[in-house]
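The values are calculated or read from the model by the stated rules, or taken from the named source; none is laboratory data. Keep in mind that this is a model prediction, so the values were computed, not measured. Note that we place each Cβ from the backbone using ideal geometry, even for glycine, and neighbour counts take in every protein chain shown. The protein model used for the area step is the full one, side chains on, heavy atoms only, and it has no ligands, DNA or RNA in it. Shrake-Rupley method; radii C 1.70, N 1.55, O 1.52, S 1.80 Å.
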Amino acid sequence: MEFQLTEDQRALQQAARKYAREVVRPKAAHYDETATFPRDLLQTAFELGLLNMAIPAEYGGVGLSHLDQTIVAEELSWGCAGVATSIIANDLANLPIILHGTEEQKQRLLGHFAERLKFASFCLTEPEAGSDVAGMQTTARREGDEYVINGAKCFITNGGHAEQYTVFATVDKAKKHKGITCFVVEGRPKGLTVSKHENKMGQRASDTVSLTFEDVRVPVKNRIGEEGQGFAVAMATLDNSRPLTAMFSVGIARAALEHSMEYSSQRKTFGKPIIEHQAIQFMIADMAMNTHAARMLTYESAWLLDQGQRNTLQSSYAKCFAADMAMKVATDAVQVYGGYGYIKEYPVEKLMRDAKLIQVYEGTSQVQRLVIARELFK
Amino acid sequence: MKILVTAKRVEDPESKIKVKPDGTGIVQEGLKYKINPFDEIGVEEGLRLVAKHQGEVVVVSIGGKEVQEQLRHALAMGAHRAVWVNHTGPLDQLAIAGLLQKVTEKEKPDLVILGKQSIDDDQNQVGQYLAEFLGWGQATFASKVESLESEQEKNKVPAVTLTADGKAVRVVREVDNGLATLECQLPAVVTTDLRLNQPRYASLPGIMKAKSKPIEELTPAKLGVDVTPAIQVLKLSSPPARKAGIKVPDVAALVDKLHNEAKVV
Amino acid sequence: MPIVLIVAEQQPDGNLRKASLNAISAGKQLADKAGAELHLVLLGKEPAKVADELKGSGAKAVHLGAAAELEHYLAETYAPAIAALAQELKADYVGMASTAQGKDLMPRVAARLKSAMATDITAINGSGADVTFTRPMWAGNVFAEVKLTTPVKVFTVRATEFAAAAGGQGAAEVKTFAPKVEASKTKFVEFKEVKSARPELTEARVVISGGRGTKGDFKEIEALADELGAAVGASRAVCDAGWVPNDLQVGQTGKVVAPALYIAAGISGAIQHLAGMKSSKTIVAINKDAEAPIFQVADYGIVADLFKVLPELRQELAKLK
């Protein structure tokens, strides 16, 4: 067992931290306030290789291990969780291709992301089917060398800016999850409509839209895996991405902790800095302890993937614990700040809004508990 | 063009430096380390020159095995290979310049770029010593006319330029009350000031590539340099703590204090 | 008798650079402690121009080395000439003010003399052969007492730590010598003076710096600086934001200043900044945030808006005149 980052991991951490501190942080409040797309920040992220870090080096990406990706993810989210979500969206969309694509598909559908800043979106969730993936309504009908896709997807990150969409649709609703199939839609084909950007509570820098597919034609060569394999592809993708979303929580919590430590050392009540009041000390101790516990759980869940082991249980532990933890820590940070914490001039209320989303997306905390229970009783 | 650049390991400029109670050193615990910021500017300038004129950037550091971290950082920025002079223990500027002289004679670069000073010792000497030891020209405190917000900077145009015949470099130096321009015949020594450029960030692919770039290990013995220090550091101390000041209610009270108590106006 | 040789400096306009006088007084202090006599040297095309000023500053002898090739300062031409004089005089100590020229030149002189060097000395301790120097490290967060063990000892002087040598202290013997000028691999091209009515940041008696609180508006700071004949400085945040040129940055990675009066307006006081100014004799902090760390190093603090305080302060100070 080794509980220290390697020199390379420290270098990755420093690079991501520098980006988060010097590039993201100064503009995080602006993009939160205006809910506009942080293209300049993402351009820099692209140049630094922070986008597409899961794509293997032979297809033009960085090819980081899962553990290394989580180390980077913590820093990104510490900078701004909304920006982090936008950055990771490419990897989420491309994971099905990385995990299940053929060599030809990987060359063709991953390689071009190294050329310039391009976005990809992962399209699974539907208005009537979130965690209940088997209830999917979007259909794919085979016609010769093509599939014809019809349906609607919602809460699609970077959907308004993407040039490639990884879409899940069923070839046969009667087969439930055994009909689900994964496709890659390139560009903006006829029939694909993008709705306006959702006005979200938190993580407002990330672009979130709904998509509708009306007779959108996709060549058979863009089908990832076989017909009916889509559910497995989606689940494997989420097993891979859960450590990252878990680590987003850690980044938010660490930011909340650091702000609270700084503020409580400066702010005085009853003639002394509030950190000298035991009530505040206990809150901050809890924040630090839980942040670190979540980080360790998350490292383990990523490490398992790197060992080629199944991590469904551990990544659900991590995602669920970390998301709930970040919500609590960010809420406590607002409490440490008192009235100022509730005001947008101070940085902590944003953390509270940002944290909330992680309890919801990529499997709610309740769904994570279902998964955990199911795994335990297997 | 072959450029040798230094990469000293120093305490992070953001960290708080405390002197040990017995004055024998600084408290190391909890300190973070970085490449000397002036050296990082040197690496950046070297990379820009090589991008324009071809060639290679060789980065050199002196210290224990931990300095490989700073060498890797420079390699991740894009430097081509590294030289590590393995030595632990105190070194003064005479010894450092002596070691760099030998490395320079071995590598035969066209240009050596160093930070004008390292932010730990703040001596501001090594580049000048090295130039004299080598018998080369020197241009210290290299800066540029354009600002760090300019188009030249955004396009990563090197501020140190080659003359038309390619035999000399033209350097704008930050000096008292203005900017002085020199032309140094190559090979030459340049030291960097803060306004020369804004160093690029190490990218993730750069970090991954740096892993396989070579680091050559040398020692003072191999280079034949006696590094016995000629500067003895007898004692370190903290600057006298400032007396707790007072808050004054208004400008009139402030002016009164400045005039009658501090007697500075 | 041991000899302390101090190198004086002419500005491009031919006048004596003021910091030379501070270096001379440090040289005198050193000569007293080491039981040595003080010599001065000045090189240039027309060093005689400032001979009178140097003559009365308390040295035993002033050496003027004139040569047409020395019109424009270059380390490569000045260093051999100074090193040769130091050897001829058998100087034990060679020093100069820590100006841009001093910092460029003296290490090259030291290298030529195979000597160790201390930069930016702030104090001279001990006596006789046991003289040591105090000098700042880590941007003034640490002071080190150092002993140079080479036969010749070279140093530069932090001007703000030594009073300027007064004139009228006897008359030194003025000697002229013909410096041997070596061929230089470096050519002087031009000097562009940055026109500023204000003093150099590192030399100024008063420095007024603006931080993030100015939101980039330096008008009031400049107006007060004009009133006081002060230099203008800035925090790193302000330079990074591109609001003012980077050469105004006071701090660990910028300029280190130690004026008699430092006024920090709208500066919170990050460690980085404090390292560059906390040796100032008197510090005034103006900040809206009563908890800003700058108040912990300030002698006098005002918790108020700088845009209100600065104009008022300017008017009050004008009344004192």
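Any chance you could count how many residues in the range C:188-232 are in a helix (DSSP H, G or I), open to solvent by 50 Å² or more (accessible area, probe 1.4 Å) and without any contact (Cβ under 8 Å) to a residue 40 or more places away in the chain?
Within the range C:188-232, residues that are in a helix (DSSP H, G or I), open to solvent by 50 Å² or more (accessible area, probe 1.4 Å) and without any contact (Cβ under 8 Å) to a residue 40 or more places away in the chain number 3.
Which residue pairs have Cβ atoms under 6 Å apart, sit 6 or more places apart or on different chains, and have a first residue in the range B:190-203 that is of a type in the set (D, E, K, R) and a second that is at pLDDT below 90 and assigned to a strand (DSSP E or B)?
That search, which allows pairs on different chains as well, returns B:Asp193/B:Glu174.
Return yes when C:Tyr73 is within 14 Å of another protein chain (Cβ to nearest Cβ), farther than 19 Å from C:Ala116 by Cβ and within 18 Å of the chain's Cα centre (by Cα) and no when it is not.
yes
With the requirement that a residue be open to solvent by less than 50 Å² (accessible area, probe 1.4 Å), on the phi < 0 side of the Ramachandran plot and under 23 Å from the mean Cα position of the chain (by Cα), what does the range A:171-194 give you?
Listed by number, the residues that qualify are A:Ile180, A:Thr181, A:Cys182, A:Phe183, A:Val184, A:Val185, A:Val194.
Please determine, by comparing only the residues of the range C:133-147 that are within 7 Å of another protein chain (Cβ to nearest Cβ) and without any contact (Cβ under 8 Å) to a residue 40 or more places away in the chain, which one is nearest to B:Lys116 (Cα to Cα).
Residue satisfying both the conditions and the ranking: C:Met137.
In the range C:65-90, how many residues are of a type in the set (A, V, I, L, M, F, W, C) and open to solvent by 10 Å² or more (accessible area, probe 1.4 Å)?
Count: 6.
Sort out which residues of the range C:79-106 are of a type in the set (Lys, Arg) and at the interface with chain B (Cβ under 8 Å from one of its Cβ atoms), and write them in order of number.
C:Lys103
Residues checked against (1) buried (at least 18 other Cβ atoms within 10 Å of the Cβ); (2) more than 8 Å from every other protein chain (Cβ to nearest Cβ):
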site	(1), (2)
A:Ala11	yes, no
A:Asp32	yes, yes
A:Arg39	no, yes
A:Ala54	yes, yes
A:Tyr59	yes, yes
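Can you tell me which condition B:Asn260 does not meet? The list is (1) over 39 Å from the mean Cα position of the chain (by Cα); (2) of a type outside the set (D, E, K, R); (3) facing chain C (nearest Cβ under 9 Å), and all the others hold.
(3)
Here's a check for you: in the range C:148-161, which residue that is among the polar types (S, T, N, Q) and more than 8 Å from chain B (Cβ to nearest Cβ) is most open to solvent (accessible area, probe 1.4 Å)? Walk me through how you get there before you give the answer.
Restricting attention to the range C:148-161, the residues satisfying the condition of being among the polar types (S, T, N, Q) are C:149-150, C:156, C:160.
Next cut, more than 8 Å from chain B (Cβ to nearest Cβ) only: C:156, C:160.
Numbers: C:Thr156: 0, C:Thr160: 39 Å².
The qualifying residue most open to solvent (accessible area, probe 1.4 Å) is C:Thr160.
So if I check each of B:Lys20, B:Lys52, which one is modelled with pLDDT of 95 or more, under 19 Å from B:Glu153 (Cβ atoms) and open to solvent by 60 Å² or more (accessible area, probe 1.4 Å)?
B:Lys52
If B:Tyr33 passes every condition in (1) open to solvent by less than 30 Å² (accessible area, probe 1.4 Å); (2) under 18 Å from A:Glu7 (Cα atoms); (3) without any contact (Cβ under 8 Å) to a residue 60 or more places away in the chain; (4) under 17 Å from the mean Cα position of the chain (by Cα) but one, which one does it miss?
For B:Tyr33, the exception is condition (1).
Pick out the one residue from A:Ser210, A:Ser260, A:Ser195, A:Ser265 that is closer than 22 Å to A:Gly135 by Cα and of a type in the set (Gly, Ala, Ser). Step through it out loud before you land on a result.
Details: A:Ser260 fails: closer than 22 Å to A:Gly135 by Cα; A:Ser195 fails: closer than 22 Å to A:Gly135 by Cα; A:Ser265 fails: closer than 22 Å to A:Gly135 by Cα.
Answer to the check: A:Ser210.
Among the residues of the range A:325-348 satisfying the criterion of being in a helix (DSSP H, G or I) and of a type in the set (Phe, Trp, Tyr), which is least open to solvent (accessible area, probe 1.4 Å)? First the steps, then the outcome.
Let us first name the residues in the range A:325-348 that are in a helix (DSSP H, G or I), namely A:325-342, A:348.
Next cut, of a type in the set (Phe, Trp, Tyr) only: A:337, A:340, A:342.
Values: A:Tyr337: 17, A:Tyr340: 95, A:Tyr342: 188 Å².
Only one residue tops the list, namely A:Tyr337.
Out of the residues in the range B:236-265 that are closer than 25 Å to C:Met117 by Cβ and in contact with a Ser or Thr (Cβ under 8 Å, 6 or more places away or on another chain), which is most open to solvent (accessible area, probe 1.4 Å)?
B:Pro239
Give the range B:215-224 a look and list any residue that's open to solvent by 50 Å² or more (accessible area, probe 1.4 Å) and in a loop (DSSP other than H, G, I, E, B), or say none. Before you say what the answer is, go through the steps one by one.
Let us first name the residues in the range B:215-224 that are open to solvent by 50 Å² or more (accessible area, probe 1.4 Å), namely B:216-217, B:221-222, B:224.
Selection gives B:Gly224 alone.
Would you point out the residue of the range A:258-272, among those that are in a helix (DSSP H, G or I) and surrounded by fewer than 24 Cβ atoms within 10 Å (Cβ to Cβ), that is nearest to the other protein chains (Cβ to nearest Cβ)?
It comes out as A:Gln266.
Restricting to the range C:258-277, name every residue that is farther than 21 Å from C:Glu220 by Cα and either part of a loop (DSSP other than H, G, I, E, B) or of a type in the set (Gly, Ala, Ser) (or both).
Scanning the range C:258-277 gives C:Ala258, C:Ala270, C:Ala275, C:Gly276.
Between A:Ala288, A:Ala330, which is closer than 20 Å to A:Glu75 by Cβ and in contact (Cβ under 8 Å) with a residue 60 or more places away in the chain?
Matching residue, one of A:Ala288, A:Ala330: A:Ala330.
One residue is enough: does the range A:100-114 have a residue meeting the conditions within 14 Å of chain B (Cβ to nearest Cβ) and open to solvent by 30 Å² or more (accessible area, probe 1.4 Å)? It would help to see each step written out before you state the result.
Initially, the range A:100-114 is screened for residues within 14 Å of chain B (Cβ to nearest Cβ), giving A:113-114.
Next, from what is left, pick out any that are open to solvent by 30 Å² or more (accessible area, probe 1.4 Å): A:114.
Within the range A:100-114, one or more residues are within 14 Å of chain B (Cβ to nearest Cβ) and open to solvent by 30 Å² or more (accessible area, probe 1.4 Å).
What number of residues in the range C:278-310 are assigned to a loop (DSSP other than H, G, I, E, B) and either more than 14 Å from chain A (Cβ to nearest Cβ) or at pLDDT 95 or above (or both)?
Restricting attention to the range C:278-310, the residues satisfying the condition of being assigned to a loop (DSSP other than H, G, I, E, B) are C:278-281, C:288-292, C:297-299, C:304-305.
Subsequent filtering for residues that are either more than 14 Å from chain A (Cβ to nearest Cβ) or at pLDDT 95 or above (or both) retains C:278-281, C:297-299, C:304-305.
The qualifying residues number 9.
Can you tell me how many residues within the range B:61-114 are within 14 Å of chain C (Cβ to nearest Cβ), more than 15 Å from B:Tyr129 (Cβ to Cβ) and not charged (D, E, K, R)?
Within the range B:61-114, residues that are within 14 Å of chain C (Cβ to nearest Cβ), more than 15 Å from B:Tyr129 (Cβ to Cβ) and not charged (D, E, K, R) number 2.
Given the range B:1-48, what strands (runs of 3 or more DSSP E) lie entirely inside it while holding 2 or more residues that are more than 30 Å from B:Gly166 (Cβ to Cβ)? Step through it out loud before you land on a result.
Working: elements: B:2-6, B:9-11, B:33-35.
Of the strands (runs of 3 or more DSSP E) lying wholly inside the range B:1-48, those with at least 2 residues that are more than 30 Å from B:Gly166 (Cβ to Cβ) span B:9-11, B:33-35.
For the subset of the range C:123-132 comprising residues that are open to solvent by 20 Å² or more (accessible area, probe 1.4 Å) and part of a loop (DSSP other than H, G, I, E, B), which member is farthest from the other protein chains (Cβ to nearest Cβ)?
Taking the range C:123-132 as the starting set, the residues that turn out to be open to solvent by 20 Å² or more (accessible area, probe 1.4 Å) are C:123, C:125-130.
Add one more test, that the residue is part of a loop (DSSP other than H, G, I, E, B), and what stays is C:126-127.
On the way: C:Gly126: 10, C:Ser127: 15 Å.
Among residues in the range C:123-132 that are open to solvent by 20 Å² or more (accessible area, probe 1.4 Å) and part of a loop (DSSP other than H, G, I, E, B), the one farthest from the other protein chains (Cβ to nearest Cβ) is C:Ser127.
Checking A:Gln4 against (1) in contact with a helix residue (DSSP H, G or I) (Cβ under 7 Å, 6 or more places away or on another chain); (2) part of a loop (DSSP other than H, G, I, E, B); (3) surrounded by fewer than 23 Cβ atoms within 10 Å (Cβ to Cβ), which test does it fail?
Among (1) in contact with a helix residue (DSSP H, G or I) (Cβ under 7 Å, 6 or more places away or on another chain); (2) part of a loop (DSSP other than H, G, I, E, B); (3) surrounded by fewer than 23 Cβ atoms within 10 Å (Cβ to Cβ), A:Gln4 violates only (1).
Filter the range A:56-91 down to the residues that are of a type in the set (Val, Ile, Thr), within 16 Å of A:Asp306 (Cα to Cα) and either part of a helix (DSSP H, G or I) or in contact (Cβ under 8 Å) with a residue 60 or more places away in the chain (or both) and list them by number.
A:Thr70, A:Ile71, A:Val72
If we scan the range C:92-101, do we find a residue that is touching a Leu at 6+ places or on another chain (Cβ under 6 Å), among the aliphatic types (A, V, I, L, M) and surrounded by fewer than 24 Cβ atoms within 10 Å (Cβ to Cβ)?
No, there is no match, as no residue in the range C:92-101 is touching a Leu at 6+ places or on another chain (Cβ under 6 Å), among the aliphatic types (A, V, I, L, M) and surrounded by fewer than 24 Cβ atoms within 10 Å (Cβ to Cβ).
When the range C:233-252 is examined, which residues are found to be surrounded by fewer than 22 Cβ atoms within 10 Å (Cβ to Cβ), within 9 Å of another protein chain (Cβ to nearest Cβ) and under 17 Å from the mean Cα position of the chain (by Cα)?
Correct list: C:Asp247 only.
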